[in-house]
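The values are calculated or read from the model by the stated rules, or taken from the named source; none is laboratory data. Everything numeric here is computed off the predicted structure, so don't read it as measured data. Every residue, glycine as well, gets a Cβ built from its backbone with ideal geometry; the counts of neighbours run over all protein chains shown. Ligands, DNA and RNA are excluded from the accessible area calculation, which covers all protein heavy atoms including side chains. Shrake-Rupley method; radii C 1.70, N 1.55, O 1.52, S 1.80 Å.
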Amino acid sequence: MLTLASDFGSPYPAAMKGVLRSRGVTDLVDVAHDLPQGDPRAAAFWLRFVLPEFPPGVHLVVVDPGVGTDRAAVCVRAGDHALVGPDNGCLLPPARALAAEHVGPDADPADAIDVYAVDDPDPRSSTFHGRDVFAPAAARVHEAGVDAIESLEGFVRADDYDDYAIPDAWVESDTASGEVLVVDDFGNAVTNVPGDFLEGRVGETIAVETAAGVREVPVVETFADVDKHDPLVTVGSHGFVECDANQGRGDEAFDIAPGRAVTLSFEEEVSATVPTA
Amino acid sequence: MLTLASDFGSPYPAAMKGVLRSRGVTDLVDVAHDLPQGDPRAAAFWLRFVLPEFPPGVHLVVVDPGVGTDRAAVCVRAGDHALVGPDNGCLLPPARALAAEHVGPDADPADAIDVYAVDDPDPRSSTFHGRDVFAPAAARVHEAGVDAIESLEGFVRADDYDDYAIPDAWVESDTASGEVLVVDDFGNAVTNVPGDFLEGRVGETIAVETAAGVREVPVVETFADVDKHDPLVTVGSHGFVECDANQGRGDEAFDIAPGRAVTLSFEEEVSATVPTA
Amino acid sequence: MLTLASDFGSPYPAAMKGVLRSRGVTDLVDVAHDLPQGDPRAAAFWLRFVLPEFPPGVHLVVVDPGVGTDRAAVCVRAGDHALVGPDNGCLLPPARALAAEHVGPDADPADAIDVYAVDDPDPRSSTFHGRDVFAPAAARVHEAGVDAIESLEGFVRADDYDDYAIPDAWVESDTASGEVLVVDDFGNAVTNVPGDFLEGRVGETIAVETAAGVREVPVVETFADVDKHDPLVTVGSHGFVECDANQGRGDEAFDIAPGRAVTLSFEEEVSATVPTA
């Protein structure tokens with residue numbers, strides 16, 4: 001099985017599928033081709049979310065704002081999976097998630113990760129490496145098998161490669177400061193605050209502070225716990241805190257977008273003016 | 001074969017595909033993942049339209065405004081097909097269409113339909129049942145086969161379930177009153193008035209009355225029977241009357257949207273003022 | 001393998017997939033279903049670009065502004081590929097590209113092309129020939145094999161069929177006049193000026209003249225050779241000259257759209273007013 005993900009829109013992904021089919025890869029699964037354009041961070045988030053659902057396979061991931069520069073092509077082995085794409089760091093977060101499943105909770109995921117630089121001295125074009133560099137490389141990995149990457153010509157173990165780390169939020173017991181990672185098609189604004197922050201707080205009111213101001217909303221188990229269109233804070237299916245609206249758009253309700261700062265707080269506001277006796 | 005339909009946009013459907021692949025279902029067909037969001041009515045219409053084209057299989061359908069509520073998960077057997085999704089009624093119209101094909105014109109489709117409540121006592125999340133409840137249930141039905149649903153643990157015959165019925169239009173010989181069910185990507189506004197209403201009337205002029213006013217347009221066999229961009233009324237490929245425009249958008253030409261009322265009439269307008277002799 | 005391409009949006013393509021699956025075609029590959037609506041020219045361009053990447057197969061292509069008219073259905077054999085769709089000319093440019101690969105550089109692609117009219121005397125509908133005429137015809141070709149088209153009932157060799165030719169640009173050594181063929185999802189404006197025109201000119205400044213005025217921009221090897229959002233001219237992966245912007249939209253930077261004229265010139269502008277001594 002080989003999955004495809006890109007920010008190519010349409011119909012460019014079909015050219016990659018054609019290359020893969022021509023090289024004998026018949027079992028193709030589209031992950032998404034409308035990942036946010038030129039945004040390796042968003043790709044890292046989404047692939048970390050969806051790829052661990054898949055059985056072992058090769059994952060072709062092309063979000064490549066640096067196409068035509070001398071950024072390398074990389075292949076990342078993660079347990080019994082392999083990821084192939086440009087060297088911009090977005091393969092590492094999903095690779096760590098895949099490796100963590102492979103080694104189990106008592107081992108270091110890094111032990112199951114190897115990164116290879118992929119040399120392609122003379123690509124057919126300088127503008128469409130998805131078709132001309134990454135798809136052919138992924139087809140070779142698919143044919144050889146994840147355990148045989150080492151033996152592939154042009155694949156060389158690399159120590160120096162980009163590694164995008166999903167930024168950590170700053171979390172205390174009653175307050176967390178982070179940022180919006182992505183907004184999904186429903187308008188749910190996913191932050192980098194870990195879901196643990198809300199543990200045991202369902203039913204409480206939380207203050208959501210953004211550049212647009214402060215909104216106090218309920219912490220809920222599920223969307224349907226508030227009225228239609230009402231804002232809420234919950235833990236999403238990816239394990240992070242989301243700012244959402246029931247059957248509405250959270251990004252609009254909270255006026256936030258990817259990259260924007262957000263502070264979540266359970267602290268009671270102390271009145272600024274204290275009445276004199 | 002297992003088909004997938006949802007209102008998830010992207011990339012959430014990939015998580016469902018991963019779950020299905022991990023459980024051994026390799027033959028996946030995407031029906032659509034951009035069904036109108038949170039609109040089981042539109043899902044019912046579209047799936048009733050497209051699923052009967054498919055050979056026997058399992059159909060995973062997730063349009064779920066009630067995710068996280070205690071609405072049940074259901075599996076509907078319809079002849080040699082099965083549909084799996086939330087209990088909001090949208091599976092029944094396509095199930096009846098599939099059952100009707102199965103039993104033929106002389107029998108009652110209801111005889112070929114069984115509904116099962118699917119129990120999942122402890123889903124992995126409360127926000128992404130497509131991945132955590134419905135995809136696993138569909139994989140189990142796919143593996144066991146449609147005839148073995150009865151034997152699956154957690155699948156219990158149900159008599160009390162939601163059943164959305166596509167609303168009937170009110171039809172007389174020269175007048176029909178109904179509503180717009182969906183607007184497709186071309187802007188064609190599909191009503192619930194059965195195509196029979198236009199039988200033998202091609203070439204006549206019909207009055208289309210909406211909240212925006214009355215437009216008189218030709219009844220045609222096909223779009224090309226009017227000039228480019230001109231409005232028309234015809235019978236669509238789903239068997240219902242459509243308000244369209246040739247190479248243009250019918251919804252804009254008639255100023256209508258899903259859920260809006262529409263009256264179609266062949267009656268000659270009687271002049272409001274009668275000239276005195 | 002059978003590929004599908006259309007301008008149907010969603011979920012109409014699923015009806016075609018159902019028809020194909022019901023007729024035993026299991027290996028389906030989506031090329032694109034959001035080709036520009038009712039625009040056989042754009043379809044011709046994109047399919048000429050992507051189909052040659054695929055191994056031999058049957059390609060169902062439905063962009064059909066003339067649905068319901070008496071335009072024929074055609075099947076075009078091109079080497080060991082076959083294309084099936086409405087007779088509006090858009091199958092011939094990709095067919096020529098496929099045939100050229102088949103016969104090699106020393107022979108005439110036309111020798112590897114045969115066009116068949118496909119007779120379907122009584123289609124199920126007059127509005128959805130993708131489902132009712134073209135998908136069934138493609139399934140028959142897929143089952144019989146490309147070499148057996150001749151023997152299929154209702155397939156008759158045709159001499160009189162539409163043939164859309166991608167328009168030639170007018171090219172001199174320092175100036176080329178052409179038009180924009182398509183704009184892709186990144187905003188890259190692809191012209192019909194062959195890439196050869198820029199050979200050896202990387203690093204020079206080129207004047208791009210459109211109805212909106214003249215912009216002087218660099219000719220580059222790759223997007224990253226200019227600053228973020230800056231405009232540029234380069235050769236795209238399809239071999240034509242593109243007007244682009246690095247991580248921005250070329251169509252907006254140059255204010256151009258499909259069908260608009262564009263003149264590219266390396267000639268130094270002669271000052272209109274010559275200073276007197």
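Tabulated results
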| read-out | value |
| --- | --- |
| Under 12 Å, Cβ to Cβ, from residue C:202 - net charge with Lys/Arg +1 and Asp/Glu -1 | -3 |
| Accessible area that becomes buried as A packs against C, both chains, 1.4 Å probe, Å², nearest 100 | 2100 Å² |
| 0 to 90° range, to nearest 10: angle between helix C:135-144 axis and chain C longest Cα axis | 70 degrees |
| Accessible-area value, residue C:119, 1.4 Å probe, nucleic acids and ligands omitted, Å² | 100 Å² |
| Summed side-chain charge close to residue B:161 - residues other than residue B:161 whose Cβ falls under 13 Å, Lys, Arg +1, Asp, Glu -1 | -3 |
| Closest approach to the axis - chain C beta-carbon, rotation onto A, Å | C:30, 4 |
| Model label zone, residue C:120; criterion: amide N under 16 Å from point 7 Å along Cα-to-beta-carbon; scope region C:21-37 | C:21-25 |
| Student exercise, region A:2-157 dipole from Lys, Arg, Asp, Glu Cβ charges, in Debye to nearest 20 | 400 debye |
| Solvent-accessible area lost in complex, 20 Å² minimum, residues of region C:1-26 relative to chain alone, 1.4 Å | C:8, C:10, C:11, C:12, C:14, C:15, C:17, C:18, C:21, C:22 |
| Distances in nm from residue B:36 to the matching label points in the other copies, shortest first (labels 7 Å along Cα to Cβ) | 3.0, 3.0 |
| Over 29 Å (Cα to Cα) - which of B:17/C:17; A:228/C:17; A:17/C:17 fall in this group | A:228/C:17 |
| Antiparallel DSSP beta bridges within chain B, percent to nearest 5 | 75 percent |
| Sequence-separation-based contact order of chain A, relative, with Cα cut under 8 Å and 6+ spacing, percent | 15 percent |
| Label distances, nm, residue B:152 versus same residue in remaining copies, Cβ-directed 7 Å point | 3.7, 3.7 |
| Mean separation of Cα contacts under 8 Å, 6 or more apart, over the residue count of region C:100-168: relative contact order % | 34 percent |
| Label geometry 7 Å along the beta-carbon vector: residue C:165 inter-copy distances in nm | 6.2, 6.2 |
| Residues of region B:93-212: accessible area per residue with a 1.4 Å probe, Å² | 49 Å² |
| For chain B, calculated [θ]222 nm from helices alone, where every DSSP H run of n ≥ 4 adds -39500 (n - 2.57) | -5000 deg cm²/dmol |
| Protein accessible area in region C:170-265, 1.4 Å probe - carbon and sulfur % | 43 percent |
| Region C:2-157, relative contact order in percent, only Cα pairs under 8 angstrom and at least six apart counted | 24 percent |
| DSSP-defined beta bridges in the protein assembly as shown - what % are antiparallel, rounded to 5 | 75 percent |
| Karplus (6.51, -1.76, 1.60) ³J(HN,Hα), θ = phi - 60°, over region B:146-153, in Hz, Gly and Pro reported as x | 4, 6, 10, 4, 3, 8, 6, 5 |
| Per DSSP, loop GluC sites (Glu not before Pro) in region C:106-208 with at most 14 further Cβ within 10 Å | C:153, C:172, C:199, C:204 |
| In nm, spacing of pseudo-spin labels at residue B:23 and residue A:143 (7 Å Cα→C-beta vector) | 3.5 nm |
| Calculated FRET efficiency for the pair residue B:215/residue C:261, C-beta based, R₀ 45 Å, to 0.05 | 0.75 |
| Occluded residues from region C:32-58, i.e. those whose accessible area drops by 30 Å² or more once the chain is not alone (1.4 Å probe) | C:37, C:46, C:49, C:50, C:53, C:54, C:55 |
| Nearest 10 degrees, 0 to 90: helix C:40-50 Cα axis against chain C principal axis | 90 degrees |
| Net charge over other residues, Cβ less than 11 angstrom from the Cβ of residue C:82 (K, R count +1; D, E count -1) | -1 |
| log₁₀ of I(q)/I(0) at q = 0.15 Å⁻¹ - chain B, Debye sum with one point per alpha carbon | -1.06 |
| Rounded to whole Hz, the Karplus (6.51, -1.76, 1.60) HN-Hα couplings of region C:242-252, x for glycine and proline | 10, 9, 10, 9, 5, 6, x, 9, x, 4, 6 |
| Those residues of region C:183-230 for which accessible area with every protein chain present is at least 50 Å² below the isolated value (1.4 Å probe) | C:185, C:186, C:222 |
